[in-house]
Amino acid sequence: MPLPDTLDELVRCSFCGKPTTEVDKLVAGPGVYICNECVALSASIIDGSLNSPAGPRVPVWEWLTDEEMLSHIPRVAAHIDQAEADLRSWVQELRRRGVTWARIGEALGITRQSAWERFSGEE
């Protein structure tokens, strides 16, 4: 996957995959982003389901063709890349603040050595 030219191209809605340049607003969370369009869609789904009992949830791919699923894979991978970039930024800031590799590793459920090996190149 080629690297984006700008931060605007890197940041995408975690749900629809649109970059920040194609939506009105993008709200950031820890490792995820949601655009105003997906917020509106989810609100309408929630509003529509308030009066009906929640049934079993069927995976979204039940209604997708193989081609639709294949076209969606790069967007899933982009979310992983974005979450990894966010995690690296958080670790970098913690290191800038003087937090030890041991504490970072503990927070991630890995050893100090594993944390250092994974993230030390970013300092």
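The values are calculated or read from the model by the stated rules, or taken from the named source; none is laboratory data. Note that the structure is a prediction, hence the values are computed from the model and not measured. All Cβ positions, glycine included, derive from the backbone under ideal geometry; neighbour counts span all protein chains shown.
Values for this structure:
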| read-out | value |
| --- | --- |
| Those residues of region 22-76 which are touching a helix residue (DSSP H, G or I) at 6+ places or on another chain (Cβ under 7 Å), at pLDDT 85 or above and part of a helix (DSSP H, G or I), in sequence order | M69 |
| Pair list, Cβ under 7 Å, 6 or more apart: region 91-109 residue surrounded by 13 or more Cβ atoms within 10 Å (Cβ to Cβ), other residue modelled with pLDDT of 95 or more and part of a loop (DSSP other than H, G, I, E, B) | G105/T111 |
